[in-house]
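For reference, the structure is listed below as structure tokens.
Taken together, the values in this text are just the output of simple stated rules run on the coordinates, not laboratory data. Because the structure is a prediction, the values reported are computed rather than measured. With ideal geometry, Cβ positions are generated from the backbone for all residues, glycine too; neighbour counts draw on all protein chains shown.
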Amino acid sequence: MNEASASLDPSRGYVLKGKVIDGSLGTPIANGAVVTDRDKIAWVGPAAQLPLQYQDAQGSAFRVVDLPGRSILPGLIDGHTHISFGESRSEEENALYTPVEFRTLKAIWYAKRVLQAGVTSAFDAATSYAIAQAVRDAIDSGMFEGPRFTVSGKQLTNHQGLEDSFPSNMEFPPGQSAVLVRTKDDLIEAIRLQVKDEVDAIKVSGSNDNLITPDALGTSAFSYEEFKIIADETHRLGKICSVHARSKDAALDCARAGFDNLFHASYIDDEGIEAALRNKCVITPTLTLLVNLVDAKQSIAGASSMDATRREIEAATDGLARAYKAGIPLIAGSESGWSPVPFGHWHAREMEIFVNMLGLTPLQAIHANTLAATRMLPRYGHLVGKLEAGRFADILVVPGDPTADVRILQKPASFDFIFKGGKPIDRTPQPPRQRMWYERHKTFLQGLYVFDEASGSGRVVD
């Protein structure tokens, strides 16, 4: 908690004054006010119309916060996280290393870091073991601090999906964030078992990924008929379904099948856009992961070169901009959990990418990281994402105007307040943690140390 929020909490709530950006696409209120009462928002509107009982809160149960040059907006909703992944540096590290007990403790520790970045709600897109469900429930029951989580279980994959990336002569790793299905009956059984285990959403690995294999982007992992089975059974059981769909075919087939959300959709074409519009799909691009990989200037990542990643970014920039202009909602998600997107650092960068690469306005980008993302939160989406009476008082108070410069939201240490449920969260920075030896895969060198006859010395090559 910084200096502006250091005094004692009031007994009832706060009267926050500043520029009100409510999370919708409506015009912000330049001189507005938001009143919180316990865990809910009680009133929102122009400060000049503040109800009488809040106008003179001196000595009352409400604390007035009137800081010049501040903006008030909903807590961010990160539409794509992996709280169980522990900032893994490779598919091998994620699937094979670290005991499940330690993974779970790490996940709940990282959840507080996500909250401290201004993320008050989050969608978890796939879990190792059942860790995401455990983190969600531990937070909801008041045991630990963190965002309000909506969680998927292990994503469904087949041999062409993202997670079946290990040699075929070894057992499918129990720590992998997927369940391997071989038949249509397997699909139905996996969905029903996950619903029994109280996931909020079903996630499917609908294509591969050029971080894993160089031929990832040409086709779908499942047939259209199989995708339709997944969507229909998921919806019959009252859950939402999302899909990892980088390829053109996967995006099209899943949109036609009626999936609620397409993750990535990097190569979506006009036919896929039409199908997504027809079936009211949303798209969560998670371009932050790809952009961070390129910005990190690593010569190689997994099985692919940075050239393949750049090509995907270029295709996504074109296709997703057209999709948004056609009317498909975009949701901002960071894909936090992998080492290129560590927890607490990049949850708001997707908004900047939406503005600079896809042509959204800052207000539209903020909407994508707040109210628009509630489409993915079926249990409580009607209670978050917007500054509106009756919703949870999940609120940010930030210096400056993010509708002029959305990058402000990437600097949570400068925020005046981060509220969750009407209470300022603990802003004390977490100390760095030691990475244990059993969390890491073991390598001698990142390449080969070859002898150069011309120079008479050794050098590392990929």
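Side notes on the structure shown:
- Residue ranges 421-432, 266-277, 333-344 sort as 333-344, 266-277, 421-432 when ordered by packing (mean number of other C-beta atoms within 10 Å per residue, highest first).
- Between ALA372, GLY390, ALA132, the Cα set farthest toward the positive side of the dipole of the chain (charges on each charged residue's Cβ, about the Cα centre) is that of GLY390.
- 30 Å Cα-Cα threshold exceeded, pairs from LYS19/LYS154; LYS154/LYS420; LYS196/LYS411; LYS19/LYS325; LYS239/LYS442; LYS17/LYS106: LYS19/LYS154; LYS196/LYS411; LYS239/LYS442; LYS17/LYS106
- For the peptides 99-106, 225-232, the ranking by packing is 225-232, 99-106, with the highest mean count of neighbouring Cβ atoms within 10 Å listed first.
- The 3J(HN,Hα) values that the Karplus relation (6.51, -1.76, 1.60; θ = phi - 60°) gives for the range 78-91 are, in residue order, 8, x, 7, 10, 9, 5, 8, 7, x, 6, 4, 9, 6, 4 Hz. Gly and Pro appear as x.
- Here is how the number arises for the chain: DSSP H runs of 4 or more residues each give -39500 (n - 2.57), the sum is divided by the residue count, and the result at 222 nm is -8500 deg cm²/dmol.
- Phi-derived couplings, Karplus 6.51 cos²θ - 1.76 cosθ + 1.60 at θ = phi - 60°, listed residue by residue for the range 253-266: 4, 6, 5, 5, 6, x, 5, 6, 9, 9, 7, 6, 6, 4 Hz, with x used for Gly and Pro.
- Simple Cβ-charge dipole of the chain, Lys/Arg +1 and Asp/Glu -1, about Cα centre, in debye nearest 20: 1260 debye
- Taking amide hydrogens as placed 1.01 Å from N in the peptide plane, the amide H of ILE240 sits under 5 Å from those of ILE202, each at least 5 positions away in sequence or on another chain.
- The range 1-157: C-alpha pair distances exceeding 24 Å, %: 48 percent
- Amide H within-cut-off set for SER220, under 5 Å, with H built and near neighbours excluded: ALA250
- When only the Cβ of Lys, Arg, Asp and Glu is charged (+1, +1, -1, -1), the dipole of the range 142-293 relative to its Cα centre reaches about 340 debye.
- Size descriptor for the range 107-173, Kirkwood hydrodynamic radius: 13.3 Å (Cα pairs only, one decimal).
- In this Cβ point-charge picture (+1 for Lys and Arg, -1 for Asp and Glu), the range 239-390 has a dipole of about 380 debye about its Cα centre.
- Near the amide H of GLY45, within less than 5 Å, lie the amide hydrogens of ALA33, all on another chain or at least 5 residues away, with H placed in the peptide plane.
- Length-normalised contact order for the range 323-380 - Cα pairs under 8 Å, 6+ apart - percent: 34 percent
- Most tightly packed first, judged by the mean number of other beta-carbon atoms within 10 Å of their residues, the peptides 451-457, 204-210 read 204-210, 451-457.
- Cβ-based charge dipole, the chain, positive-most Cα from SER60, SER141, VAL294: SER60
- Mean separation of Cα contacts under 8 Å (6+ apart) over length of the chain, as relative contact order %: 20 percent
- Selection from MET170, SER71, LEU180 lying farthest towards where the dipole of the chain points positive, charges on Cβ: SER71
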